[in-house]
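Read the structure below first, then the notes.
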Amino acid sequence: MQPLKQFIAGAAVAALVGLSATAKAGPAGYADPYGADSYDFARVTEVTPVYTDVEVHTPRTQCRDEQVMYREPASPAGTLVGGLIGAAVGNSLGGHGHRGRYHHGGHRGGATVAGAVVGALVGSQISRANAQTYYTTESRCRVVDEFSLRRELVGYDVRYRYNGQVYLTRTDYHPGDRIRVRVAVSPAP
């Protein structure tokens, strides 16, 4: 008897579910009184692409050739010779007008050092002035920012007709010759 009871219970449940689905859907042409939406298609009458200009920043290396002057380094011999000559001149000038080598003021040693320094500076300047000069061409590069405008498609303005009315919307795709629309149905007051 158990299998018969299970079969009857299953059949009763199936009948109730079927009845419930029919009651919810209602008869053909029945409209939900709570404003349920449905979908339909409308005829597209015009599609206009919409663009925007976007500024694009591109770093670019820009190079140009420049003529550059180089001078050979100063000869150390000129500095050395100038220092020796300056020391000799300072030594000889430091001794005049004084009591010879036994003078306690130390002017001869100071004059010798000062003469050596001045002579080295003069010798270096002369050596630098006489140094060879030459020119060469070198490429100088720098990064510059280049800006340009690029047009980007942002969507489509779509004009369509549904039930005698004309509507306009923007989509991110080209709809073709028809567009899917949502139709809301609600009871009139």
* Would you list F147, F41 from fewest to most Cβ contacts within 10 Å? -> F147, F41
* Structure fact -> Sorted by chain and then number, the residues having a modelled amide H within less than 5 Å of the amide H of T45, at least 5 places away or on another chain, are R159, Y160, R161
* **³J(HN,Hα), Karplus 6.51/-1.76/1.60, whole Hz, each residue of region 135-142, x for Gly, Pro** => 10, 9, 9, 10, 8, 10, 10, 8
* For labels at L149 and R182 in the simple 7 Å Cα→Cβ model, what's the distance in nm? -> 3.7 nm
* Structure fact -> In nm, the gap between the two label points placed 7 Å beyond Cα toward Cβ at T136 and E72 is 1.5 nm
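Every number here is computed from the coordinates shown, using simple stated rules; none is lab data. Small disclaimer: the values here were computed from a predicted structure and weren't measured. When we count neighbours, we look across all protein chains shown, and the Cβ atoms used for this are built from the backbone with ideal geometry, even at glycine.
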